[in-house]
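Below is one structure, written out as structure tokens; comments come after it.
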Amino acid sequence: MKKMLIALLAAGIMSGCSTVEEKPAPKADAAMAQSLNNDDLYVVYHDGRMNVFYDADLYKGFMQVGETAFRKTFIGAGPKGETLVYGLTKADKKKTSGIPSIDMMEGRLAPAEEFYGEIIADGRINVFSDWKNFQAFLVHGEVPYRLTDIGAGPKGETVVYALTKENKKKRPEGLIAKFKAFHGMK
């Protein structure tokens with residue numbers, strides 16, 4: 001019995017010493033990306049709170065009534081110490097993890113390659129296609145490169161398109177088209 005125990009112990013130690021060849025992570029296909037819900041994010045500063053949504057319909061509903069039926073609130077957890085309110089879908093209301101907006105904001109879920117985001121602050125709609133610019137805006141309240149379109153929002157708001165250093169001299173036609181399509185504008 002002792003010999004058997006020693007043999008098992010030795011086998012366990014030896015197997016722990018073996019090397020495992022790491023394989024690159026598989027690329028996410030379109031269906032996988034859709035299930036992650038990491039292709040868009042919306043933030044609305046309202047009543048001193050930072051309201052965050054990953055669901056476009058929930059965001060649009062909030063913009064109409066100023067509330068959501070389901071939410072998770074974190075007092076003082078925002079980048080500048082503001083209260084964070086995550087708008088939740090009915091399916092999310094009992095979850096303790098796996099909520100895309102929370103996972104993205106806390107760095108556990110990377111944004112999709114074709115990211116789209118909006119941040120409504122100070123009466124302006126800030127539009128993003130770059131996650132780093134989106135994060136920088138949350139911390140600093142602006143981005144270094146932008147195209148401002150006064151009165152171009154659905155209710156006459158100023159729309160600010162965040163640009164990167166690489167595309168700062170080009171009009172962001174694709175981003176403008178996405179914004180207009182999202183808001184049902186021509």
query: If packing is taken as the mean number of other Cβ atoms within 10 Å per residue, what is the order of 159-167, 53-61, highest first?
result: 53-61, 159-167
message: Spelling out what I want: for every residue of segment 110-119, take phi, set θ = phi - 60°, compute 6.51 cos²θ - 1.76 cosθ + 1.60 (Karplus), and round to whole Hz; glycine and proline get x.
response: 6, x, 5, 4, 9, 6, 9, x, 9, 10
- line: Per-residue Cβ contact counts at 10 Å, fewest first, order 88, 147 as 147, 88
message: For a protection proxy built on the mean count of beta-carbon atoms within 10 angstrom, sort 172-183, 99-110 highest first, please.
response: 99-110, 172-183
task: Give a residue-ordered list of calculated ³J(HN,Hα) values for segment 85-96 (Karplus: 6.51 cos²θ - 1.76 cosθ + 1.60, θ = phi - 60°; whole Hz; x for Gly, Pro).
output: 10, 9, x, 10, 7, 4, 5, 8, 4, 9, 6, 10
- prompt: On average over all directions, what projected area in square nanometres does segment 115-186 have, based on the convex hull of its Cα atoms?
  reply: 4.5 nm²
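Rule-based calculations on the coordinates, nothing more; no lab input. Keep in mind that what you see is a predicted model, and the values were worked out from it rather than measured. As a convention, Cβ positions derive from the backbone with ideal geometry for all residues, glycine included, and neighbour counts pool all protein chains shown.
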